[in-house]
Amino acid sequence: MSNEVARNIHEVIKSVVGNTSKFLPLHEPTFHSKENEYVKDCIDTGWVSSVGSYVDDFERKLESFTGVKHAIAVTNGTAALHISLVVLGVKEGDEVLIPAFTFVATANAVKYCGATPHFVDSEKDSMGIDPLKLRNYLSSNTEIKNNECINKNTGKRIRAVVPMHTFGHPVNINELLEIAKDFKLKLVEDAAESLGSFSGGKHTGNYGDVACLSFNGNKIITTGGGGAVLTNNSELAKKLSHITKTSKIAHKWDFVHDEVGYNYRLPNLNAALGCAQMESLPNFLELKRSLASKYEKAFQNNKYVDFFKEPKNTKSNYWLNTIVLKDEYLSMRDHILEITNDNNIMTRPSWKLIPNLEPYSDCPKMDDLSLASYLEKAVINIPSSPYLGDKDA
Ligand SMILES: *Cc1c(COP(=O)(O)O)cnc(C)c1O
């Protein structure tokens, strides 16, 4: 039985990606634009580090693509999350609501502030935070005192909520914004996976107080390592720009730093790569949607899995294509992973739930994390590099 299921899934993926003599990774970076030219320019001119025109160019490109007023380029997505929480006033002793089903960086960033992640469940349609469950949970477990949300069980202040757009699929952001308003929470969008994803016609990252992007090697565009903070709030943008550059007051020779700063500025060398990648982004998005629709067709009416489709009123970048095992076939997962990986097709389960990881095992969480637990067992990511969308299946 297990064999039959695994072989079926392998065949369906193969019908889309073709025969693979070489190992096919989950998501490969693609360089077919001006990457060489721009990076060489940095080396030739000597502008490789924390100052240079590519950083500014890259930020302006991110702003015009996403429609968010301000982009601040930083060293990676984790740093973007950390510094966002810092400027929104997350302090030692605070709690921050994050999905149980996310990449560990979301939780780590909270810890860097001396705060505690507080884990909440996901919903089926987006895999992101379930707004209905969150509202009910906050209604019974918190009280508003002096305009702050206090966890009645721990006595601690809940300062912010960090929804994540899972595998590029936009979360139910409008509902979450309402909740943030009602419960006096700051909202940070973890948009590390959703560059090129739109919700209700607006690019993700336009909704929260701030949003964070990642340009790690496996993301939809890459700068080697890199990230950005997006915000429509000019005051916050100024603060972010200052604090990520060691909080140095501009001066011809003096070193005056007016608060504890961070060395989080993205180097020019990385930004050069980013500028070229931004020029390719529209093409990547087209190819990735074409790949996703091939998978969708190939998995239509599949007995064992559902292909995960973008939520209603959103346009996803389909960063990582995802199949979700039906309840009765959960036990087949490892066999599917084995057969596909043994046959040169990389597939991967999703993350372990963060509250199940040792460093986060004592953190507060919803009693009911049932959907997140199901996703932990049921999700399989399948090859998603843009060039795969090019082949005729
Ligand atoms: C990639 C990722 C990050 C972190 O980005 P880095 O650039 O690798 O630090 C954060 N959150 C999520 C959901 C991610 O997928």
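Enumerate the amide H contacts of R348 below 5 Å, restricted to partners 5 or more residues apart or on another chain; note that Pro and chain-start residues carry no placed amide H.
For R348, whose amide H was placed from the backbone, the distant partners under 5 Å are N381.
For each pair in K22/K297; K111/K303; K111/K181, compute the distance between the two Cα atoms and list the pairs where it is over 31 Å.
From the list (K22/K297; K111/K303; K111/K181), the Cα-Cα distance tops 31 Å for K111/K303.
For the chain, with the dipole built from +1 on Lys and Arg beta-carbon atoms and -1 on Asp and Glu ones, taken about the Cα centre, which of P349, T78, S64 lies farthest toward the positive end?
Positive-most Cα among the choices belongs to S64.
Quick one: Cα centre-to-centre distance for segment 220-263 and segment 368-388, in angstrom?
Taking the Cα centre of each part, segment 220-263 and segment 368-388 sit 34 Å apart.
What percent does the relative contact order of the chain come to when contacts are Cα pairs within less than 8 Å and at least six residues apart?
Relative contact order for the chain comes out at 26 percent.
Placing +1 at every Lys and Arg Cβ and -1 at every Asp and Glu Cβ, with all other atoms neutral, what dipole size does segment 311-356 have around its Cα centre, in debye to the nearest 20?
I would put it at about 360 debye.
Could I have the simple spin-label model distance between N19 and Y112, label points 7 Å from Cα toward Cβ, reported in nm to one decimal?
Here the modelled spin labels are 4.7 nm apart.
Cut-off is 10 Å between beta-carbons; in what order do T75, T30 appear when sorted fewest neighbours first?
In order of increasing Cβ crowding within 10 Å: T30, T75.
Determine the alpha carbon to alpha carbon distance for each of K91/K145; K202/K312; K202/K239; K312/K365 and list only those over 19 Å.
Among K91/K145; K202/K312; K202/K239; K312/K365, the Cα-Cα distance tops 19 Å for K202/K239; K312/K365.
Among the lysines, which have Cα under 26 Å from the Cα of K40 when same-chain residues fewer than 8 positions away are ignored?
Within reach: K61, K219, K245.
Looking at the square roots a ≥ b ≥ c of the eigenvalues of the Cα gyration tensor of the chain, which shape do they give, rounded for a/c under 1.5, prolate if a/b is larger than b/c, or oblate?
Oblate, because a/c is 1.5 or more while a/b does not exceed b/c.
Let me spell out the model: positive unit charges on the Cβ of Lys and Arg, negative unit charges on the Cβ of Asp and Glu, origin at the Cα centre of the chain. What dipole size does that give, in debye rounded to 20?
Roughly 320 debye for the chain.
As a footprinting exposure proxy, order S214, S139, S21, S199 by other Cβ within 10 Å, with the fewest listed first.
In increasing order of surrounding Cβ atoms, one gets S21, S139, S199, S214.
Might you report the magnitude of the Cβ-based charge dipole of segment 133-279 about its Cα centre, with Lys and Arg at +1 and Asp and Glu at -1, to the nearest 20 debye?
Dipole of segment 133-279, to the nearest 20 debye: 340 debye.
Which distance in Å, rounded to a whole number, links the C-alpha centroids of segment 1-40 and segment 165-188?
33 Å
Between E235, E175, E35, find the one with the highest GNM mean-square fluctuation for the chain; connect C-alpha pairs within less than 10 Å.
E235
Each residue of segment 48-57 in turn: what ³J(HN,Hα) in whole Hz from Karplus with 6.51, -1.76, 1.60 and θ = phi - 60°, glycine and Pro shown as x?
Values, residue by residue: 10, 9, 7, 10, x, 6, 5, 4, 4, 4 Hz.
Divide by every residue of the chain the summed helix terms, -39500 (n - 2.57) for each DSSP H run of at least 4, and state the resulting mean residue ellipticity at 222 nm, rounded to the nearest 500 deg cm²/dmol.
The per-residue figure over the chain is -11500 deg cm²/dmol.
How long is the gain from R60 to L26 if the chain were fully straight, where each residue apart is worth 0.36 nm and the alpha carbon distance is subtracted?
Computed gain between R60 and L26 is 9.3 nm.
T246 versus S373, label points 7 Å from Cα toward the beta carbon: distance in nm?
5.0 nm
Could you go through segment 237-245 in sequence order and give the Karplus-derived ³J(HN,Hα) for each residue, using 6.51 cos²θ - 1.76 cosθ + 1.60 with θ = phi - 60°, rounded to whole Hz, and x for Gly and Pro?
4, 4, 4, 5, 5, 5, 6, 7, 10
Any read-out appearing in this document is the output of simple, stated calculations on the displayed coordinates, not a laboratory observation. Treat the numbers as computed from the prediction; the structure is a model and nothing was measured. So basically every Cβ, Gly included, is an ideal-geometry build from the backbone, and we count neighbours across all protein chains shown.
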